[in-house]
1. Being touching an Asp or Glu at 6+ places or on another chain (Cβ under 8 Å), modelled with pLDDT of 90 or more and within 14 Å of chain B (Cβ to nearest Cβ) is the filter; apply it to the stretch A:102-117 and report the residue that is surrounded by the fewest Cβ atoms within 10 Å (Cβ to Cβ).
2. Within the stretch B:1-39, how many residues are in contact with a strand residue (DSSP E or B) (Cβ under 8 Å, 6 or more places away or on another chain) and either of a type in the set (Phe, Trp, Tyr) or part of a loop (DSSP other than H, G, I, E, B) (or both)?
3. Give the residues of the stretch A:19-46 that are without any contact (Cβ under 8 Å) to a residue 40 or more places away in the chain and part of a strand (DSSP E or B), sorted by residue number.
4. Please enumerate the residues belonging to the stretch A:77-101 that are part of a strand (DSSP E or B) and surrounded by fewer than 17 Cβ atoms within 10 Å (Cβ to Cβ).
5. Within the stretch B:40-56, track down each residue that is part of a strand (DSSP E or B), more than 8 Å from chain A (Cβ to nearest Cβ) and either β-branched (Val, Ile, Thr) or buried (at least 17 other Cβ atoms within 10 Å of the Cβ) (or both).
6. Within the stretch B:17-52, how many residues turn out to be farther than 18 Å from A:Leu44 by Cα and among the polar types (S, T, N, Q)?
7. Read through the list (1) under 17 Å from B:Thr103 (Cα atoms); (2) hydrophobic (A, V, I, L, M, F, W, C); (3) over 10 Å from the mean Cα position of the chain (by Cα), then give the number of the only condition that B:Leu11 fails.
8. Look through A:Arg37, A:Arg24, A:Arg97 and report the one residue that is of a type in the set (Lys, Arg) and within 10 Å of chain B (Cβ to nearest Cβ).
Amino acid sequence: GAVVSQHPSWVICKSGTSVKIECRSLDFQATTMFWYRQFPKQSLMLMATSNEGSKATYEQGVEKDKFLINHASLTLSTLTVTSAHPEDSSFYICSARGQGTDGTEAFFGQGTRLTVV
Amino acid sequence: DQQVKQNSPSLSVQEGRISILNCDYTNSMFDYFLWYKKYPAEGPTFLISISSIKDKNEDGRFTVFLNKSAKHLSLHIVPSQPGDSAVYFCAASPMNSGYSTLTFGKGTMLLVSP
């Protein structure tokens with residue numbers, strides 16, 4: 001299947017700082033990227049959907065000013081957690097679909113474990 | 001309100017036997033269903049999918065069954081292997097989203113013992 005690379009795989013940051021997570025499609029052009037969050041023993045929850053070159057669409061309850069999403073190119077989307085707090089500690093996963101993939105499948109990155117201390 | 005439900009948080013099976021993972025959904029707009037496998041600290045890996053025009057799809061040891069009237073699907077793994085031990089997520093998508101959005105269940109942790 002198509003490869004989606006997410007970086008970093010884990011990060012620890014101080015409360016009040018910002019953290020950027022990158023999601024790259026390595027062998028296809030991702031017209032759409034999705035960002036998910038997973039709390040322990042919970043399902044993957046969709047945070048936002050981004051299409052290349054346009055603003056992200058956020059799910060209800062997700063603060064767009066706190067979780068900044070940029071999808072500037074067909075192979076890269078970034079999620080920036082601004083002014084992180086301990087309650088933002090979670091597992092963040094991106095997925096991508098687009099040209100060169102079966103349009104009905106979403107390919108996932110490895111995920112990023114964020115710990116805010 | 002959970003639209004995709006995996007009511008069994010865990011399942012233990014012996015190696016060589018059949019593993020059956022269940023998933024129920026409530027949204028009648030869902031017409032494409034996927035199963036993902038996830039190891040700790042990794043992203044989900046796509047396993048198998050089925051569209052609502054079918055009631056069965058098979059790929060090697062993995063078979064997914066769909067019962068539209070009951071809004072129920074299941075993943076069968078035969079024979080189960082220790083390497084299958086992971087969390088399995090059921091996901092659903094409505095056609096009117098262009099299959100672009102996935103709603104996930106909470107997952108079922110499968111443990112296959114030697």
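1. A:Leu114
2. 17
3. A:Met45, A:Leu46
4. Hits for the stretch A:77-101 are A:Thr80, A:Gln99.
5. Selection gives B:Leu47, B:Ile48, B:Ile50.
6. 4
7. (1)
8. Going through A:Arg37, A:Arg24, A:Arg97 in turn, the sole match is A:Arg97.
The values are calculated or read from the model by the stated rules, or taken from the named source; none is laboratory data. Note that the structure is predicted; figures quoted are calculated from it, not measured. For neighbour counting, all protein chains shown are included, and Cβ atoms are generated from backbone atoms with ideal geometry for every residue, glycine included.
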